[in-house]
Amino acid sequence: QVQLVQSGGGLVQAGESLRLSCAASGSIFSINAMGWYRQAAGKQRELVAVITSGGATNYANSVKGRFTISRDNAKNTVYLQMNSLKPEDTAVYYCNENQGVYSYWGQGTQVTVSS
């Protein structure tokens, strides 16, 4: 059974940084693409960043240059380093493991950025 357990997040002021972590178990982590999504209140869930099994990355335009996604296959963990946070980054953040046919989600982590 695939499980994704998130950690990190919290309340910060604009301009500060946070790092989210997502530890996976029950899957062959290294062969799957991993992603971070977020959902702000009253809005649809949106893709923030994705990293392939080969390490290629892609980001939403709104976070390019500020956020960095990375993975440690030895630890079965994916990270999201968030710098220069803005109030509009406030949302619940979810990690995702994409196995093609199946997709799995973490429990969600609240990130709140005050102005």
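Computed quantities for the displayed model
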quantity	calculated
Criterion (among the hydroxyl-bearing types (S, T, Y) and either more than 12 Å from the chain's Cα centre (by Cα) or at positive phi (or both)) met by exactly one of S25, S21	S25
Any hit, the stretch 20-34, residues being within 15 Å of S7 (Cα to Cα) and of a type outside the set (A, V, I, L, M, F, W, C)	yes
Single residue of E16, E88 found to be at pLDDT 95 or above, open to solvent by 40 Å² or more (accessible area, probe 1.4 Å), of a type in the set (D, E) and in a loop (DSSP other than H, G, I, E, B)	E16
Given (1) in contact with a helix residue (DSSP H, G or I) (Cβ under 9 Å, 6 or more places away or on another chain); (2) surrounded by fewer than 17 Cβ atoms within 10 Å (Cβ to Cβ), number of the condition V63 does not satisfy	(2)
Any hit, the stretch 93-102, residues being closer than 24 Å to Q1 by Cβ, of a type in the set (F, W, Y), modelled with pLDDT under 95 and open to solvent by 70 Å² or more (accessible area, probe 1.4 Å)	yes
Unmet requirement for T77, which otherwise passes all of (1) closer than 16 Å to L4 by Cα; (2) open to solvent by 20 Å² or more (accessible area, probe 1.4 Å); (3) at pLDDT 95 or above; (4) over 10 Å from the mean Cα position of the chain (by Cα)	(2)
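The values are calculated or read from the model by the stated rules, or taken from the named source; none is laboratory data. What you see is a predicted model, and the numbers here were worked out from it, not measured in a lab. Reconstructed Cβ throughout: ideal geometry from the backbone, glycine too, with neighbour counts over all protein chains shown. Just so you know, the surface numbers come from the protein's heavy atoms only, side chains and all, with ligands and any DNA or RNA stripped out. Shrake-Rupley method; radii C 1.70, N 1.55, O 1.52, S 1.80 Å.
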